[in-house]
Amino acid sequence: MRDQLYINGEWVSPDLGGYMDVIDPATEQSLQRVAAGTEEDVDHAVRAARRAFTSGWSQTTGAERGQWLDALAAELEHGQEALAELEVRDNGKPLPEAQWDIGDAVACFRYYAGLARELDERQDQPLALPDERFRCHTRLEPIGVAGQIIPWNYPLLMAAWKVAPALAAGATLVLKPSELTPLTALELAGAADRVGLPAGVLNVITGRGGEAGAPLAEHPGVDKLAFTGSVPTGSKIMSAAAADIKNISLELGGKSAFIVFDDADVEAAVEWILFGIFWNQGQVCSATSRLLVQEGIAPRLMERLVQATRAITIGPGLEPGVLLGPLVSAGQLAKVLDFVAQGKASGARLLTGGQRPAHLDRGFFIEPTIFDEPDADSTIWREEVFGPFLCVKRFKTEAQAVQMANASRFGLAAAVMSQDPQRATRVSNELRAGIVWVNCSQPTFVEAPWGGMKQSGIGRELGRWGLDNYLEVKQVTEYVGEGAWGWYLK
Ligand code: NAD
């Protein structure tokens with residue numbers, strides 16, 4: 001059992017904060033205790049990360065870092081079955097989804113191993129200047145110490161999205177996983193330890209947001225903050241960063257629209273709609289939680305959608321055949337049930353779900369839920385639920401669909417289904433979202449940029465954009481003209 005913090009290459013007990021329980025959402029029982037890190041622990045970790053940065057890690061070549069990343073990938077891959085099971089117990093998600101996540105995390109480390117190696121070729125690039133008396137080249141240098149704060153919905157995968165590019169760039173880091181799901185991040189530290197990653201390069205502080213996250217965000221020794229989580233916390237992180245002008249990237253919430261046109265194939269549409277809102281119990285920042293259906297296809301589509309939703313098998317994530325596990329916590333369940341109550345009170349029609357399943361007497365389960373025709377200004381249509389909770393509205397014209405989809409303070413993702421490629425292109429160009437899926441919803445690839453517009457965040461993760469988050473660009477300009485330049489000394 002890992003109940004310590006990983007600081008400077010060592011497992012250490014928390015300085016002051018004591019321990020906290022991690023709960024299995026399927027049983028509501030404690031799984032194990034973990035350290036509740038506090039400001040003192042964060043300070044030790046940031047100092048260790050700084051020492052590691054200046055004492056060698058930032059000077060390593062991309063090829064060397066690529067080897068470390070490959071070693072980490074191999075280590076995670078070696079333990080992937082155990083990691084997937086741990087993720088299920090910690091987070092609640094069905095085992096096949098957890099296996100998928102761990103596979104994606106491994107792939108993420110491998111991908112950034114490749115980008116780290118490429119970085120060596122991108123160094124010292126000459127830049128043509130219009131004045132031949134000057135010669136210029138650019139250097140890509142690691143940003144320094146990164147503070148990385150992540151949520152509970154994809155515990156190891158979110159860690160991989162942040163840790164892998166930071167290491168590839170030559171940065172060092174302090175990772176703060178969610179207090180609800182810290183276990184696989186500790187295993188990542190264990191993997192780093194086993195492969196012999198230099199002390200202080202990767203540090204993991206478990207703990208609560210206010211006690212461990214806030215001191216990390218506020219620490220003057222942190223150069224870069226990378227945060228994934230809710231908008232209110234993102235706003236606090238931004239304020240903390242503003243105090244001493246830290247570089248930030250934010251991946252925040254969403255209320256993403258899924259537009260289905262009359263010419264769509266009903267079966268294909270229903271499959272992607274289900275995947276877009278019930279995968280990971282709907283606890284997905286990019287969940288396509290607002291369904292916009294064109295009037296012509298609506299009767300057939302809605303009948304099939306409700307029927308398929310009712311057929312989803314709900315149960316503990318380790319049980320075979322389960323497609324919907326419990327929500328992550330009692331608090332998340334209470335939040336989703338409150339949205340159900342608000343939906344009912346608002347006059348929207350509850351088509352299916354909305355309650356705890358009768359056959360499960362414990363665990364934070366809720367039936368997959370669909371509300372029909374909520375008002376455009378209702379809470380359930382506007383706010384992120386972060387649960388298996390779909391709202392549906394109908395539209396007549398393409399222009400109306402785009403207007404409804406864009407009428408949101410969020411802009412993370414959107415999906416459009418149509419067999420008319422020109423229409424799909426037109427609509428995807430008009431959608432104000434960082435990610436647009438055409439004839440699908442949610443497929444995510446480490447090569448492609450990830451992030452949102454509007455209140456869904458700042459910056460992009462994944463792909464080469466994810467690496468750029470941890471790089472500074474330096475220009476080195478040299479005067480190569482004859483003698484004095486001739487401004488003061490004519
Ligand atoms: P959250 O904001 O409550 O917590 C996220 C992390 O921030 C946790 O580690 C938490 O301990 C920490 N934290 C909390 N208060 C803090 C503070 N004052 N200072 C510093 N750190 C603090 O979010 P959550 O409930 O864990 O996750 C759900 C949210 O995350 C949803 O809104 C979802 O949309 C978003 N999310 C976004 C993406 C994306 O890529 N855009 C991915 C996953 C989740």
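The values are calculated or read from the model by the stated rules, or taken from the named source; none is laboratory data. All of these numbers come straight from a predicted model, not from anything done at the bench. Counting neighbours? That spans all protein chains shown, and the Cβs are built from the backbone with ideal geometry, glycine included. Only protein heavy atoms, including side chains, enter the accessible area calculation; ligands, DNA and RNA are left aside. Shrake-Rupley method; radii C 1.70, N 1.55, O 1.52, S 1.80 Å.
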Practice task
For a label point 7 Å from the Cα of residue 242 along Cα→C-beta, name the residues of the range 445-483 whose backbone N is under 20 Å from it.
Solution key: 453-459
Fill in the blank from the handout: Once both label points are put 7 Å beyond Cα along the C-beta direction, the residue 396-residue 420 separation in nm becomes 1.6 nm
Problem - Extension gain (nm, one decimal) between residue 379 and residue 349, 0.36 nm per residue minus Cα-Cα - result: 9.4 nm
Exercise for the section: With everything on Cα atoms, drop me the angle between helix 330-346 and the longest principal axis of the chain, reported from 0 to 90° to the nearest 10. Expected result: 50 degrees
Completion exercise
Counting only residues 5 or more apart in sequence or on a different chain, those whose built amide H sits under 5 Å from that of residue 351 are 370, 371, 372
Exercise for the section: Per DSSP H run of n ≥ 4, the term is -39500 (n - 2.57); total these for the chain, divide by its residue number, and report the mean residue ellipticity at 222 nm rounded to 500 deg cm²/dmol. Expected result: -12500 deg cm²/dmol
Practice task
Take every DSSP beta bridge whose two residues both sit in the chain, then give the antiparallel share in percent to the nearest 5.
Solution key: 45 percent
Exercise for the section: Go ahead and run the numbers for FRET between residue 312 and residue 195, Cβ-Cβ distance against an R0 of 51 Å, rounding to 0.05. Expected result: 0.80
Exercise for the section: Estimate the FRET efficiency between residue 127 and residue 458 by the formula 1/(1 + (r/R0)^6), using the beta-carbon distance for r and 22 Å for R0, to the nearest 0.05. Expected result: 0.25
Fill in the blank from the handout: The Rg/Rh figure for the chain, Cα atoms and Kirkwood Rh, to two decimals is 1.02
Exercise for the section: Report the residues of the range 330-345 in range of a label on residue 28: point 7 Å along Cα→C-beta, backbone N strictly under 12 Å from it. Expected result: 330-331, 334
Problem - Which of 86, 250 is most accessible, then next, and so on - probe 1.4 Å - result: 86, 250
Practice task
Pop the C-beta distance of residue 82 and residue 120 into the FRET formula with R0 = 35 Å and round what comes out to the nearest 0.05.
Solution key: 0.50
Completion exercise
Placing each pseudo-label 7 Å from Cα in the direction of the beta carbon, residue 67 and residue 429 end up separated by a distance in nanometres of 4.9 nm
Handout entry: Separation of the residue 138 and residue 230 label points, Cα + 7 Å toward Cβ, nm
Key = 3.9 nm
Problem - Sulfur and carbon atoms: percent of accessible area, the chain [1.4 Å] - result: 52 percent
Handout entry: Relative intensity, log₁₀ I(q)/I(0), of the range 250-373 from a Debye sum that treats every alpha carbon as a point, q = 0.16 Å⁻¹
Key = -0.83
Exercise for the section: Could you work out how far helix 183-195 tilts from the main Cα principal axis of the chain, as a 0 to 90 degree angle to the nearest 10? Expected result: 30 degrees
Handout entry: Nearest-ten-degree value, helix 298-310 long axis tilted from longest Cα axis of the chain
Key = 80 degrees
Problem - Greater than 24 Å apart at Cα, pairs in 176/224; 255/335; 246/335; 454/474; 236/393 - result: 246/335; 454/474; 236/393
Fill in the blank from the handout: Relative contact order as a percentage, the chain, C-alpha pairs under 8 Å and 6+ apart, gives 18 percent
